[in-house]
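Chemist: Sharing a structure, written as structure tokens. Questions coming.
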Amino acid sequence: MTSDKKGSCYCEHCRKDVSWHINPVNHGGQLVLTLCTFGLWLPMWLAMTFSKTKFCDVCNQSITEE
Ligand SMILES: [Zn+2]
């Protein structure tokens with residue numbers, strides 16, 4: 001694997017290699033949502049916590065990896 005460049009990823013919105021970041025989950029807000037939905041939001045909260053979606057530093061859109 002020679003294409004493993006750390007710190008950059010192809011963004012299909014910018015159509016170029018960009019640096020990226022991972023949005024931290026707002027656990028306080030998620031807790032409120034979970035309580036308001038009587039726990040129905042809990043799976044979404046867990047999914048957001050464990051799925052490390054990359055976001056483009058340039059356009060702030062999520063980067064989907066092939
Ligand atoms: Zn972008």
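Chemist: Pairs only if they're at least six apart or on different chains, beta carbon under 6 angstrom, first in the stretch 19-40 and within 20 Å of residue 62 (Cα to Cα), second surrounded by fewer than 11 Cβ atoms within 10 Å (Cβ to Cβ); list them, first residue then second.
Modeler: Once the first residue is within 20 Å of residue 62 (Cα to Cα) and sits in the stretch 19-40, its partners that are surrounded by fewer than 11 Cβ atoms within 10 Å (Cβ to Cβ) give 19/7; 22/52.
Chemist: Scan the stretch 16-48 for residues that are of a type in the set (Val, Ile, Thr), in a strand (DSSP E or B) and surrounded by 11 or more Cβ atoms within 10 Å (Cβ to Cβ) and jot them down.
Modeler: The one that is of a type in the set (Val, Ile, Thr), in a strand (DSSP E or B) and surrounded by 11 or more Cβ atoms within 10 Å (Cβ to Cβ): 18.
Chemist: Say we look at the stretch 3-27 and pick out the residues that are of a type in the set (Ser, Thr, Tyr) and within 16 Å of the ligand (Cβ to nearest atom); which of these is modelled with the lowest pLDDT?
Modeler: Step by step, filter the stretch 3-27, then rank; the result is 8.
Chemist: Mind listing just one residue for me: the one in the stretch 49-64 that is closer than 16 Å to residue 25 by Cα, more than 10 Å from the ligand (Cβ to nearest atom) and part of a loop (DSSP other than H, G, I, E, B) and, of those, modelled with the lowest pLDDT?
Modeler: Selected residue: 52.
The values are calculated or read from the model by the stated rules, or taken from the named source; none is laboratory data. Because the structure is predicted, anything quoted here is derived from the model rather than measured. Glycine also receives a Cβ, built like all others from the backbone with ideal geometry; neighbour counts cover every protein chain displayed.
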